[in-house]
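A quick write-up on the structure given underneath.
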Amino acid sequence: MSFASISRGLGRFALNNAHTVQRLVPNVMGSTTFGVRTFASKKKKNLLKHAKGFRGRSKNCFRVAIRRVHKSWQYSYRDRRRKKREWHKLWIQRISAGGRKKSWRNSGIFKHYTK
């Protein structure tokens, strides 16, 4: 039985059930022809993994997902700095509040802080 007769006989069934074709038609090197990902498909799969949890077409349509993922990376870069800024402000407020309790000035706070 030749490859042409196998592929002609299977018709659309071969497209829907790739694993069947894999068993019937092995590659010359012994591995199957299906299941080999190109760089582009790996890139798309990886990017769509980052888009998991997004709303609408942003989670499964590559052209939309790539924009949303890049924007989310911009937000995360910005907000990492914003988080540090907020914690720094809060830290200063807490130190000042503790100093006010003891009625120290800022210079007195840091003098006691270093001891």
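The values are calculated or read from the model by the stated rules, or taken from the named source; none is laboratory data. No experiment lies behind these values; they were computed from the predicted model shown. For the accessible areas, the whole protein counts, side chains as well, though only heavy atoms, and no ligand, DNA or RNA atoms are used. Shrake-Rupley method; radii C 1.70, N 1.55, O 1.52, S 1.80 Å.
Numbers below:
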{"read-out": "Residue satisfying all of: in region 62-95; open to solvent by less than 100 Å² (accessible area, probe 1.4 Å) and more than 21 Å from the chain's Cα centre (by Cα); farthest from LYS43 (Cα to Cα) among these", "value": "ILE95"}
{"read-out": "Sole residue being part of a helix (DSSP H, G or I), of a type in the set (Lys, Arg), open to solvent by less than 100 Å² (accessible area, probe 1.4 Å) and modelled with pLDDT under 95, chosen from LYS44, LYS111", "value": "LYS44"}
